[in-house]
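Structure first, commentary second.
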């Protein structure tokens, strides 16, 4: 039998996992050998091990640059549990604590140091790095959340631009840049801005097969959200909203419905944000209602759902936000409701932004790609992966696979809608045009004399929801443009002319009210189903873990993941050797908790 490689031996001994996944082994070998790398790997794919293990194998300390204070703390806590000498430096620490950490760093007492970019670029820290470099004691630089370097991205951090300095100042130290998502444009900018032209790029599959994607037409969003959450009582999740006001109102309303919800957005006091984030990480069943200010780098593995009450900015943003669900590999759901108003709001934000014309063009293109994805009649997973240049087969686990929408020839309906927009002077939105098409003589319709138009009442074959669907799909197809300067007035584009003249046909999705959908977690499957006999032990293990987490002041999952507890309940190890075969239990955890765990096995 071939002896395990040093990397595999470290994986088993320290982290308690039997084997690497995907390209992990190849990436680790490349970095350990001194090479540079750009790693694109989905959330939950095991990116952290790609720099943690090389840092343990190479002489010196691994320096990890991260913009996320909460993530630093969680990752360091998890490494300490695994027996790794780790620490972090950021603005949350007092001078005494930071100085003690710097002393450990200087004395060679750390394997990994996490540092915020603004701390990295202080003269004090660079001087410390200079000393370590002269002594050959920097193992590597890891740049986490590398998409923050991209000005086209949705999470640009100006201080990340300076990170090219690492290569210039310490050319012999290998670098690894990591991100969970980056389209080809963002990827190229990461390479250029970080000077990674000679680096190897490792591109993993972007597929998250455990996540079910569902998009619903907005009707009564609160009622729709409540219906969705009914299948997730007592589970952790995130509800994203576009505005701070909507975040606060939604959180308050959810609490009135008996759902433990907390608001999170940049307008809250920093101490309140920190408190809410800590509760979400450390308590079970909290729903975080948030703007996109929340979530990047959240390492909580058991988030069972991510819901969007408003359209995100792009498919890339959507992919990253929904990727916070199901990091443990267990079934999870990504649910979104959207409507015409989302399109108007996002276009207005783009048009009114201070960005240059080229950036606006790119952002409009990204929004259009997201709209087209929302209106897909085919597999959502195929469409999402294709956006990241990855081909796949239909998944059978998204709304369009489970309930394939009916497709119909919407050419005549589109011609009626386009005609109504033209005859009303292209000055009105979808609601008014729908009233005209359906023959509703509202005060506004009669005020403008639109009840006298030839198009008045020609659309009674569709109800209001049906016409909303037609207008939304025409916007997604680029036949109409919502003029943000004219309060969302719908105007024809050049692409509309062939449809209006009957020179081309248009297929549309039939708008249907979906039956109450089964949750992706209904009858939740795990790798091996847990029997009724094992469930009491699993619950006892969770109770023990929760008490321990409270004592230590860390999130429960930092001690052991649910998946590890489930394996313990099913395998019931009888001794330390058997305990070490359970995924997620390495040498340090076996020594620290083994006696107690074996006692709980009964």
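Read-outs throughout are calculated quantities, based only on the coordinates presented, and are distinct from any laboratory measurement. Worth saying up front: this structure is predicted, and the values here are computed from it rather than measured. Heads up, the Cβs are rebuilt from the backbone with ideal geometry, glycines too, and the neighbour counts pull from every protein chain shown.
On C-alpha positions alone, give me the angle between the axis of helix 464-476 and the longest principal axis of the chain, in degrees, nearest 10.
Result, in degrees: 70.
Order by neighbour count: 204, 99, fewest other Cβ atoms within 10 Å first, most last.
Details: 204 19, 99 12.
Fewest-to-most ranking of 204, 99: 99, 204.
Taking only the alpha carbons of segment 6-203, what extent do you get along each of the three principal axes, in Å, biggest first?
Projected onto its principal axes, the Cα set of segment 6-203 covers 43, 40, 31 Å.
Equivalent-ellipsoid semi-axes (√(5λ), Cα gyration tensor) for segment 45-156, whole Å, largest first?
Numbers: eigenvalues 84, 58, 44 Å².
Those come to 21, 17, 15 Å.
Run lengths n ≥ 4 of DSSP H only: what is the helix-derived mean residue ellipticity at 222 nm for the chain, with -39500 (n - 2.57) per run over all residues, to the nearest 500?
It comes out at -12500 deg cm²/dmol, rounded to the nearest 500.
Considering Cα pairs under 8 angstrom that are at least six residues apart, work out the relative contact order of the chain and quote it in whole percent.
Values: 994 pairs, mean separation 86.7, N = 602.
Relative contact order of the chain: 14 percent.
Over 5 Å intervals from 0, what percent of Cα-Cα pairs in segment 373-414 sits in each interval?
5, 23, 25, 21, 12, 10, 5, 0
To the nearest 0.05, how large is the calculated FRET efficiency for residue 464 and residue 270 if R₀ is 60 Å and r is the Cβ-Cβ distance? Mind dumping the intermediate values first?
Details: r = 44 Å, r/R0 = 0.74.
Calculated transfer efficiency: 0.85.
Any idea what diffusion coefficient segment 211-338 gets from Stokes-Einstein, in µm²/s, Kirkwood Rh on alpha carbon pairs, 10 °C, 1.306 mPa s? Provide the component values of the computation, followed by the final result.
Numbers: Rh = 14.3 Å.
Using the Kirkwood radius from Cα pairs, D works out to 111 µm²/s.
Which value, in Å to one decimal place, does the Kirkwood hydrodynamic radius take for segment 369-476 when every pair of different Cα atoms is included? Mind showing how you got there, number by number?
Values: mean 1/r = 0.0643 Å⁻¹.
After inverting the mean inverse Cα-Cα distance, the result is 15.6 Å.
Which of 65, 272 has the fewest other C-beta atoms within 10 Å, and how do the rest follow up to the most? Walk me through the numbers before you get to the answer.
Working: 65 24, 272 13.
Ordered from fewest to most neighbouring Cβ atoms within 10 Å, 65, 272 come out as 272, 65.
Any idea what the relative contact order of segment 407-509 is, in percent, if you count C-alpha pairs under 8 Å spaced at least 6 apart? Please report the intermediate quantities before stating the final value.
Details: 146 pairs, mean separation 40.8, N = 103.
It comes to 40 percent, rounded to a whole number.
Compute the Cα gyration tensor for the chain, then decide on rounded, prolate or oblate, letting a ≥ b ≥ c be the square roots of its eigenvalues: rounded whenever a/c is under 1.5, prolate when a/b is larger than b/c in the other cases, and oblate in all that remain.
Details: a/c = 2.23, a/b = 1.68, b/c = 1.33.
Here the chain falls in the prolate category.
Report, to the nearest 10°, how far helix 587-600 tilts away from the longest principal axis of the Cα atoms in the chain, using its own Cα long axis and a range of 0 to 90°.
Orientation of helix 587-600: about 80 degrees from the principal axis.
Averaged over all directions, how much area does the convex hull of the C-alpha atoms of segment 303-456 cover when projected, in nm²?
12.3
What ranking, highest mean first, results for peptides 241-251, 122-132, 170-180 when packing means the other Cβ atoms within 10 Å averaged over each residue?
On the way: 241-251: 18.8, 122-132: 14.2, 170-180: 21.5.
Top to bottom by mean Cβ count within 10 Å: 170-180, 241-251, 122-132.
Can you give the % of DSSP beta bridges in the chain that are antiparallel, to the nearest 5?
Numbers: 7 of 55 bridges.
Counting DSSP beta bridges with both partners in the chain, the antiparallel share is about 15 percent.
From largest to smallest, what semi-axes in whole angstrom does segment 192-251 give when each is the square root of 5 times an eigenvalue of its alpha carbon gyration tensor?
Values: eigenvalues 263, 64, 28 Å².
Sorted largest first and rounded, they come to 36, 18, 12 Å.
Among 320-326, 108-114, 401-407, what's the highest-first ranking by average C-beta atoms within 10 angstrom per residue? Numbers along the way, then the final one.
Numbers: 320-326: 26.0, 108-114: 20.1, 401-407: 14.0.
Highest mean packing first, the order is 320-326, 108-114, 401-407.
Pop out the Kirkwood hydrodynamic radius of segment 118-275 from its pairwise C-alpha distances, inverse of mean 1/r, in Å to one decimal. Don't skip to the end; give the middle numbers.
Working: mean 1/r = 0.0508 Å⁻¹.
For segment 118-275, the Kirkwood estimate is 19.7 Å.
Please tell me the relative contact order of segment 535-600 in percent, rounded to the nearest whole number, where contacts are Cα pairs under 8 Å and at least six residues apart.
Details: 43 pairs, mean separation 20.9, N = 66.
So the answer I get is 32 percent.
Viscosity 1.306 mPa s, temperature 10 °C: what is the translational diffusion coefficient of segment 93-189 from Stokes-Einstein with a Kirkwood Rh over Cα pairs, rounded to a whole number of µm²/s? Show your work: numbers first, answer last.
Numbers: Rh = 14.7 Å.
Approximately 108 µm²/s, per Stokes-Einstein.
Out of every Cα pair in segment 3-79, what percent are spaced more than 18 Å from each other?
On the way: 1183 of 2926 pairs.
Result: 40 percent of Cα pairs exceed 18 Å.
Let me make sure I get this right: for segment 533-601, a, b and c are the square roots of the gyration tensor eigenvalues over alpha carbons, sorted descending. Under 1.5 in a/c it's rounded, otherwise prolate if a/b > b/c, else oblate. Which is it?
Oblate shape, in that a/c is at least 1.5 and b/c is the bigger or equal ratio.
What ranking of 589, 223, 313 emerges when the number of other C-beta atoms within 10 Å of each C-beta is taken as an exposure proxy, fewest first?
Working: 589 23, 223 9, 313 19.
Arranged by neighbour count, lowest to highest, 589, 223, 313 become 223, 313, 589.
In degrees, nearest 10, range 0 to 90: what is the angle between the Cα axis of helix 562-571 and the longest Cα principal axis of the chain?
Once rounded, one gets 60 degrees.
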